[in-house]
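*Asks:* Handing you a structure now.
The values are calculated or read from the model by the stated rules, or taken from the named source; none is laboratory data. From a predicted model like this one, the values you see are computed outputs, not experimental measurements. We place every Cβ from the backbone using ideal geometry, glycine too, and count neighbours over all the protein chains shown.
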Amino acid sequence: MNEANGAKEVPYYLPLADEVEIFSSAYEQRLPVLLKGPTGCGKTRFVEYMAHRLFQGEESTPERRAVSEPLQTVACHEDLSATDLVGRFLLQGDETVWQDGPLSRSVKEGAICYLDEIVEARKDSTVLIHSLTDHRRILPVEKQGIILDAHPNFLLVISYNPGYQNVLKDLKPSTRQRFIAIDFDYPGEEQEASIIAHESGVSDEQALDLARLGSRVRNLKHHGFDEGVSTRLLVYAGQLMCKGVAPLRAAEVAVSKAVTDDEEVQRAISELVATIFVV
């Protein structure tokens with residue numbers, strides 16, 4: 001589990017459509033938000049950007065600026081339980097003390113709680129959030145025998161990757177129909193090149209080459225792997241190039257070797273790399 005504080009500096013995010021306006025409108029109405037999209041397409045960065053915008057930036061208020069941790073991020077996994085989110089009793093010396101989990105802290109302080117890849121969490125965690133997503137906006141804390149009323153500024157945001165879902169791991173209608181949904185996808189080549197250049201420091205020309213590589217690799221979808229290459233990995237390749245690693249080698253370790261273990265698919269990607277980064 002990873003808890004991320006809101007950043008003091010503005011997180012870099014390049015809007016691709018109307019997602020900023022939709023999220024802002026949802027927040028003003030305190031509507032729970034579901035972000036859908038492939039791995040590494042910018043969902044987490046978007047939430048970080050919106051948390052800054054709403055709590056520390058141009059849409060903030062004095063009350064929201066006073067929140068010390070405007071964003072609590074939880075990376076969900078198969079062992080994540082309701083206790084991990086809500087809190088637990090801990091032994092400290094001869095005393096038993098209560099420690100709030102990230103969801104409880106967000107509910108009390110009026111922050112955004114972001115549950116990343118919610119379908120990976122245990123079912124009791126998913127059921128737990130239901131009462132926070134309707135008119136009640138409450139969080140039962142069974143171990144303390146109390147019910148927390150959500151702070152007026154609290155918002156629940158979840159995400160998942162539709163490409164990875166199956167019968168065993170899917171978001172049930174009883175959960176997903178409690179959220180508005182914003183779709184994310186990989187950017188177009190020019191937009192992705194701008195992101196790569198900003199995040200990695202490579203030249204505009206090299207960034208565009210990496211964006212073209214990303215686009216072509218994604219066209220190999222259904223030929224050995226499901227999603228293609230994430231923008232994140234293209235940024236990694238750019239960062240390696242900035243440190244003197246040859247483009248062919250950077251693309252090999254950050255793209256072809258990273259996205260698949262299938263040797264045939266790796267060869268196909270390597271051929272694409274060779275056509276773009278001519279020695």
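*Asks:* Can you name the number of the only condition in (1) buried (at least 17 other Cβ atoms within 10 Å of the Cβ); (2) of a type outside the set (D, E, K, R); (3) part of a helix (DSSP H, G or I) that ALA274 fails?
*Replies:* Among (1) buried (at least 17 other Cβ atoms within 10 Å of the Cβ); (2) of a type outside the set (D, E, K, R); (3) part of a helix (DSSP H, G or I), ALA274 violates only (1).
*Asks:* Let me ask something else about it. Are there any pairs with C-beta distances below 8 angstrom linking a residue in the stretch 127-139 that is more than 11 Å from VAL107 (Cβ to Cβ) to a residue that is acidic (Asp, Glu), with the two at least 6 apart or on different chains, and if so which?
*Replies:* No pair meets every condition.
*Asks:* Hey, VAL67 hits all of (1) aliphatic (A, V, I, L, M); (2) modelled with pLDDT under 95; (3) assigned to a loop (DSSP other than H, G, I, E, B) but one; which does it fall short on?
*Replies:* VAL67 satisfies every listed condition except (2).
Residues checked against (1) crowded, with 20+ Cβ neighbours inside 10 Å; (2) at pLDDT 90 or above; (3) not assigned by TED's automatic domain parsing to the domain that holds LEU128:
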position: ALA193; (1), (2), (3): yes, yes, yes
position: LEU210; (1), (2), (3): yes, yes, yes
position: LYS221; (1), (2), (3): no, no, yes
position: VAL253; (1), (2), (3): no, yes, yes
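*Asks:* Within the group LEU80, LEU139, which residue is aliphatic (A, V, I, L, M), part of a loop (DSSP other than H, G, I, E, B) and either on the phi < 0 side of the Ramachandran plot or assigned by TED's automatic domain parsing to the domain that holds VAL47 (or both)? Give the derivation first.
*Replies:* Numbers: LEU139 fails: part of a loop (DSSP other than H, G, I, E, B).
Of LEU80, LEU139, the one residue that is aliphatic (A, V, I, L, M), part of a loop (DSSP other than H, G, I, E, B) and either on the phi < 0 side of the Ramachandran plot or assigned by TED's automatic domain parsing to the domain that holds VAL47 (or both) is LEU80.
*Asks:* Moving to a separate point now. Which of the numbered conditions does VAL74 fail, given that it passes all the others? Conditions: (1) closer than 30 Å to TYR236 by Cβ; (2) in a helix (DSSP H, G or I); (3) of a type in the set (Val, Ile, Thr).
*Replies:* Every condition holds for VAL74 apart from (2).
*Asks:* In the stretch 83-120, which residues are of a type outside the set (S, T, N, Q) and part of a helix (DSSP H, G or I)?
*Replies:* Scanning the stretch 83-120 gives ASP84, LEU85, VAL86, PRO102, LEU103, ARG105, VAL107, LYS108, GLU109, ILE118, VAL119, GLU120.
*Asks:* Here's a follow-up. Does the stretch 38-55 contain any residue that is outside any helix (DSSP H, G or I), aromatic (Phe, Trp, Tyr) and in contact with a Lys or Arg (Cβ under 8 Å, 6 or more places away or on another chain)?
*Replies:* No; the residues of the stretch 38-55 include none that is outside any helix (DSSP H, G or I), aromatic (Phe, Trp, Tyr) and in contact with a Lys or Arg (Cβ under 8 Å, 6 or more places away or on another chain).
*Asks:* Please go through (1) at pLDDT 95 or above; (2) buried (at least 16 other Cβ atoms within 10 Å of the Cβ) for ASP183 and return the number of the only condition it doesn't satisfy.
*Replies:* (2)
*Asks:* Do any helices (runs of 4 or more DSSP H) lying entirely in the stretch 152-218 carry at least 2 residues that are of a type in the set (A, V, I, L, M, F, W, C), and which ones are they?
*Replies:* The helices (runs of 4 or more DSSP H) meeting that bar are 189-200, 204-218.
*Asks:* Is at least one residue of the stretch 166-179 touching a strand residue (DSSP E or B) at 6+ places or on another chain (Cβ under 7 Å) and of a type in the set (A, V, I, L, M, F, W, C)?
*Replies:* Yes.
*Asks:* Oh, and also: Out of ILE196, ILE182, I need the residue that is touching a residue at least 60 places away in the same chain (Cβ under 8 Å) and either farther than 30 Å from VAL33 by Cα or among the β-branched types (Val, Ile, Thr) (or both). Which one?
*Replies:* ILE182
*Asks:* Name, by its number, the condition in (1) in contact (Cβ under 8 Å) with a residue 60 or more places away in the chain; (2) within 21 Å of ASN161 (Cβ to Cβ); (3) crowded, with 16+ Cβ neighbours inside 10 Å that does not hold for HIS77.
*Replies:* (3)
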